[in-house]
1. So for the stretch 356-368 (the condition being β-branched (Val, Ile, Thr) and at pLDDT 90 or above), does at least one residue qualify?
2. Could you identify the single residue in GLY88, GLY146 that is closer than 25 Å to GLY396 by Cβ and either within 16 Å of the ligand (Cβ to nearest atom) or open to solvent by less than 40 Å² (accessible area, probe 1.4 Å) (or both)?
3. How about the stretch 181-212: which of its residues are over 25 Å from GLY286 (Cβ atoms), assigned to a loop (DSSP other than H, G, I, E, B) and touching a residue at least 60 places away in the same chain (Cβ under 8 Å)?
4. Among what's in the stretch 306-337 and is among the β-branched types (Val, Ile, Thr) and more than 13 Å from the ligand (Cβ to nearest atom), pick the residue that is surrounded by the most Cβ atoms within 10 Å (Cβ to Cβ).
5. Would you mind stating whether ASP181 is acidic (Asp, Glu) and closer than 27 Å to LEU221 by Cα?
6. Among the numbered criteria (1) modelled with pLDDT of 90 or more; (2) in contact with a helix residue (DSSP H, G or I) (Cβ under 9 Å, 6 or more places away or on another chain); (3) closer than 30 Å to ASP323 by Cβ; (4) within 16 Å of the ligand (Cβ to nearest atom), which single criterion is violated by LEU68?
7. Here are some residues: LYS267, LYS292, LYS296. Which one is open to solvent by 50 Å² or more (accessible area, probe 1.4 Å) and within 16 Å of the ligand (Cβ to nearest atom)?
8. Please give the number of the condition ARG113 fails out of (1) at pLDDT below 95; (2) open to solvent by 40 Å² or more (accessible area, probe 1.4 Å).
Amino acid sequence: MSGLRHVTSINDLDNAEIEQVFALADKYLKELGETMERTERTRAGANLTTQRIAKSGRMGTGSILATLFYEPSTRTRLSFESAMLRLGGRTITSADPATSSAAKGESLADTVRVVSSYADAIVIRHPRDGAAKLAAQYASIPVINGGDGAHEHPTQTLCDLFTLRRHNKKLKNLSVAVSGDLRGSRTIHSFVYALARFGAAIRLMPGGKGMELPAHVDWRLRNEFKCVPLPKAKYAEDDAVDALYVTAERPHQLSLIADASSNYKLKKAVDAVYVTRFQKERWSEGARDYMKVDSKFLQNSRYKNTSVMHPLPRVGELDIALDHDTRAAYFQQAAYGVPIRMALIAEVLGLEKNFALAQFKTGFRHGDYELYERPPGDSGIRCRNPNCIVHDPYEGPYAANKFLYVPAEAPRLRCYYCETDIVDFLIAHRRRGHYDSKLSRRRPVGDFRDVVFFADEEAAETAGFSKGQPRRAAGK
Ligand code: NCD
């Protein structure tokens, strides 16, 4: 459908579009008036009591936003609803799965098809990775991801980047420490992609054991978002940092940075420290040893002028004594949720003549990756992320077996929904009736309709394929 734009990942927006959302958010922030501007000057969360209702009703009248929340939320849902009301629109909400048709076993796919005739845009939050992508596949109105499992939370990233941009007067080439549950925090996954795209130096600080970035996110940073890891010697003084990435602005600078990485001049000051809570709902253990950011942590001179950020809620990892520290930016970050979401809704719905997403080519991400799609239920490889929406008993039948084929030194199959990669798989050919005994390093065949991907030999043989001869490099 022409002009229909979904925002399921931060990578559905290109950099120019993000800047455009910010330009519109600046305008709304001005209109929202005194309260926010005053908060901004003080930069102290404690002063953040909103006293003023914005002027609204100018536009958006008649537009309805549906918020479908299958997981707890305070900020995301309420700021989206507030944003829509401030735009002069209206909202309908389903925030309790127990009182919606989900409790009767209705699939998300059916729900969004129905809601498409009740509203003009949908914001969805769901515990499954890739749920927003599935919703977008079935909705005929724009779908905005309000957080899907541990996958992404693109609108939180817009708030985060907007905060960085206002505090630093720019977005490019910042130095940001990203800390806490890097594995389970969807906010971090969207955030690090965006930071890389705006040329940041990213200091990765896992909050506890096993809390590093998921391997596929890390791989994408290095291979798709031009991040170069610096040698440990460059940040040896900072124990908390597990890896430090710098970003090449242009692809040809990549090897220059890589070659010169030990001479790379690393800026000492850290512009922001981004703190996250332990995502206990995404781990089998309910509690773990975890880091704490407090005035002691921040006493190093590199944090002298840092902005302390947090998507909230905080549950002990961020000392409340910091609330009166001028570096605390988290309540303001949350307050920016309203103008940012106003801007995004307006752009997605085309409410403002000069600010419409549709004027840009859709999406930043997919590049030339080919889509491999098998009908639901067909044999062949399935996504290996157990929390992916394709494994949900209600949604599975609606989720086709879809992967993007990522050509690389070792090719990858990227789940279309949750974007987790599979690196070991076999390629079988329908017409020839056999599977390749070795993974081809090149594009598998001309036509994906002739191909079935399998997890291993046993799966391929069970499906009736036999082992083929290794192919010669040039042959089909
Ligand atoms: C985050 C989320 O839901 O992912 N919250 C939010 O939207 N601001 C962070 C979290 O829950 O830890």
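The values are calculated or read from the model by the stated rules, or taken from the named source; none is laboratory data. Please read all numbers here as calculations on a predicted model, not as lab measurements. With ideal geometry, Cβ positions are generated from the backbone for all residues, glycine too; neighbour counts draw on all protein chains shown. These accessible areas exclude ligands, DNA and RNA; they are computed on the full protein's heavy atoms, side chains included. Shrake-Rupley method; radii C 1.70, N 1.55, O 1.52, S 1.80 Å.
1. Filtering the stretch 356-368 down to residues β-branched (Val, Ile, Thr) leaves 362.
Now narrow it down to the ones that are at pLDDT 90 or above: none.
No: the stretch 356-368 contains no residue that is β-branched (Val, Ile, Thr) and at pLDDT 90 or above.
2. On the way: GLY88 fails: closer than 25 Å to GLY396 by Cβ.
Result: GLY146 is the single residue among GLY88, GLY146 that is closer than 25 Å to GLY396 by Cβ and either within 16 Å of the ligand (Cβ to nearest atom) or open to solvent by less than 40 Å² (accessible area, probe 1.4 Å) (or both).
3. PHE198
4. In the first step, residues of the stretch 306-337 are kept if they are among the β-branched types (Val, Ile, Thr); the result is 306, 308, 315, 320, 326.
From the residues that got through so far, the ones that are more than 13 Å from the ligand (Cβ to nearest atom) too are 306, 308, 320, 326.
Numbers: THR306: 20, VAL308: 24, ILE320: 12, THR326: 12.
The selected residue is VAL308.
5. Yes, satisfied.
6. Only one criterion is unmet by LEU68, namely (3).
7. LYS292
8. (1)
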